[in-house]
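Chemist: Provided herewith is a single structure, encoded as structure tokens, for subsequent inquiry.
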Amino acid sequence: MTAESELRSEVSYRKAANEGDVDAMRDLGDLLLEAGELSEAEAWLNQAALAGHSGAMFSLGSLCYDDDPERGVEWWRRAAELGHELALRNMGIIAEQDGDAVGAESWLRKAAEAGHGRAMFEYGFDRHDAGDVEQAIQWWRKAAEAGVPQAIHNLGILAEQSGDLVEAEVWYRRLAEAGDADMMCRLGNLHMDRDDPDGAEAWWREAAQAGDPDAMSNLGLMCQTRQDFRGAQGWYRSAAELGQLSAMHHLGGLAKADGQSLSARLWWRKAVEDGLEEAEERLAELDAEPPIVEPDLAVGTPDAAILAVGLDAEERGDHTEAERHYRSIADAGVPLGMQFLANLLKGRGRIDEAEAWYRKAAEAGEPKAQHSLGVLSYERGDLAAAENLFHLAATAGDTSAMYNLGHIHANVHDDKDAALEWWRRAAEARDPHVLHSLGVLLMHEGSEVEAELWFREAASLGEPNAMYHLGLIAMRRDDMDDATLWYGRAAEGGRVDAANNLAVIHHQSDEPERAEPWYLKAIELGDQRDSKAMFNLGVLYEAQGRLDEAEKLWSEAVEVDGNPGAAKALISMRREKGED
């Protein structure tokens, strides 16, 4: 209703109300109630209620209930006794809250019989819980005719449970066509049960697009059955982000089959933590497997002793002796010797010689040499050559190459999916930097559930940046205890903004004595360059009356980077002092 039409209605209602029209009194009261004119609204509603208008009694009860529950309930009771369906339902709710089960059922039945759709549904539930399924169905059918979606849903479920799939589809379709994602998914299930995978997929796709995690998981399983593992992972990941436990379980299975045991462990652990007991068995099986030990290619060969002598010389700082030993086996055509020699030469600044030996080792199939040669190509700006070499090394199992290849995909080609695929593989080596980088990219892509898995793994290895991001995630969930824990650990690990964020939490919780040391910690960690912590600590000092200390901190913050908050605070402080 437009403002003009509302004014016109108010004028006409007021005229009729002044002439004694009880319906107009109620309508005017309701209109004033919506406009926030509570006193006048109450006066008109009270006049109509005293004249016996049940609708006015109900509105007056609703107006009074928050401030005077007894008066509100009394007006609802009087309206209910006159058959007002909303008042009848409210009396049922009040009786239930008071523990009066008999009274609640009586009022609710009267509301249902008066035609209140929601009451029909709720009374049907009461009958169902009492074991009278036939009565429940009768009331749910009436509620469904009144358009109550929960009743339609229940009728569909009951029909499916009884084996009447035709009727179930009728009910499900009504809600599905109105946009109910769960019903779309259930329709897909019905089509699959009747061996119609195309129909199932069509409904599951609609449901998935509407955000249904079960449909996403079903599509993942359909892709997996077709051997489309990449498609399966995509659907499972989308479902897992929404908390679908089976999807987490399937992701773990696909990861394990692809040789990604760490990824499998993280997903199965997450599924167990969220309540899927089935995943416990998979974790136990994984724990029972013997650890994979990478073979040392030099051990047991005639060249092993020479390499060992060279390594010992290098550790002692005798690079000439080390080079002599490495060169002897490199000249003999041993790729690992070539790699060691190239590393030594590069470390001594003899880049051209190092590159020549890297190239020989790379051509002989040494993955680490392929990676090192890729790094040299990247540093000189030859990204195509670097990518090719990283790909060779990555496909041979070199995790450093996997990480660098993912970096190129993310930052050169803007192909985040390819980057994530390579970084997940690289993460198997449990390098904290890789684990954290993977988590950051996942967060940027909106996959916070999986990101948290990798952050937690990195944090378990002491990575403070991952701890900081876990603090951010906790803050988003409004879990201050967890945020405090992770920010504290990250700050102890040297993360400046974690110390500042932790101080802010204490500051906002009116705990200045706990906030101050963390602000000071942030300033210390930032080498006196963290203007945010300086400004915030200045605010704390100002509130405590420590004005000279506050002014000093704000001045330093402005000198650091022109902090606008500190600049405004200084101007305000100096005006109060009467300074220019």
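The values are calculated or read from the model by the stated rules, or taken from the named source; none is laboratory data. In this text the structure is predicted, and so the values were computed from the model without any measurement. Cβ: placed from backbone, ideal geometry, glycine included. Neighbour counts: every protein chain shown. Side chains included, ligands, DNA and RNA excluded: accessible areas come from the protein's heavy atoms. Shrake-Rupley method; radii C 1.70, N 1.55, O 1.52, S 1.80 Å.
Chemist: Stretched out fully, how many nm does the piece from LEU165 to ALA304 gain, at 0.36 nm a residue minus the Cα gap?
Modeler: Fully extending the segment from LEU165 to ALA304 adds 42.9 nm.
Chemist: Further, regarding this structure: Given the C-alpha atoms of segment 246-287, compute the convex hull and give its volume per residue in Å³.
Modeler: With only Cα atoms used, segment 246-287 gives 51 Å³ per residue.
Chemist: Right, here's the next one. In square angstrom, what is the accessible area per residue of segment 324-373 with a 1.4 angstrom probe?
Modeler: Dividing the accessible area of segment 324-373 by its residue count gives 44 Å².
Chemist: Let me ask something additional. Output the 0 to 90 degree angle, nearest 10, between the alpha-carbon long axis of helix 278-288 and the longest principal axis computed from the alpha carbons of the chain.
Modeler: 10
Chemist: Another question about this same structure. Starting from the Cα-Cα distance between ASP352 and ASP382, subtract it from 0.36 nm times their residue separation and give me the gain in nm to one decimal.
Modeler: Full-extension gain reported as 9.2 nm.
Chemist: Helix 512-525 sits at what angle to the longest principal axis of the chain, using alpha carbons and giving 0 to 90 degrees rounded to 10?
Modeler: Relative to the chain, helix 512-525 is tipped by roughly 30 degrees.
Chemist: Taking loop as defined by DSSP and a crowding limit of 15 other beta carbons within 10 Å, which trypsin sites (Lys or Arg not before Pro) in segment 428-486 fit?
Modeler: In loop regions of segment 428-486 (DSSP not H, G, I, E or B), the sparsely surrounded trypsin sites (Lys or Arg not before Pro) are ARG430, ARG477.
Chemist: Would you work out what percent of the accessible area of the chain, with all protein chains in place, is carbon or sulfur (probe 1.4 Å)?
Modeler: Here carbon and sulfur together make up 48 percent of the probe-accessible area.
Chemist: Any chance you could check the Cα centroid distance between segment 365-426 and segment 476-502 for me, in angstrom?
Modeler: So the two Cα centres are separated by 33 Å.
Chemist: Continuing with the same structure: In nm, to one decimal, how far is the ALA364 label point from the ASN411 one, both placed 7 Å along Cα→Cβ?
Modeler: Reported label-point gap for ALA364 and ASN411 is 3.2 nm.
Chemist: Quote to one decimal, in nm, the extra length available between GLU74 and GLU524 on full extension: 0.36 nm per residue of separation minus the C-alpha distance between them.
Modeler: Result: 155.5 nm gained on full extension.
Chemist: State the Cα centre-to-centre distance between segment 182-260 and segment 518-538 in whole Å.
Modeler: Here the answer is 49 Å between Cα centres.
Chemist: In nm, to one decimal, how far is the modelled label at GLU113 from the one at ALA543, with both set 7 Å along Cα→Cβ?
Modeler: About 6.1 nm, to one decimal.
Chemist: Suppose all protein chains stay in the model; what accessible area per residue would a 1.4 Å probe give for segment 463-568, in Å²?
Modeler: 49
Chemist: Now for a separate question. Any lysines with Cα under 21 Å of the LYS110 Cα? List them, leaving off those in the same chain fewer than 8 positions away.
Modeler: LYS142
Chemist: For the chain, take the longest principal axis of its alpha carbons; what is the angle in degrees between that and the long axis of helix 464-476, to the nearest 10 within 0 to 90?
Modeler: With rounding to tens, the tilt is 10 degrees.
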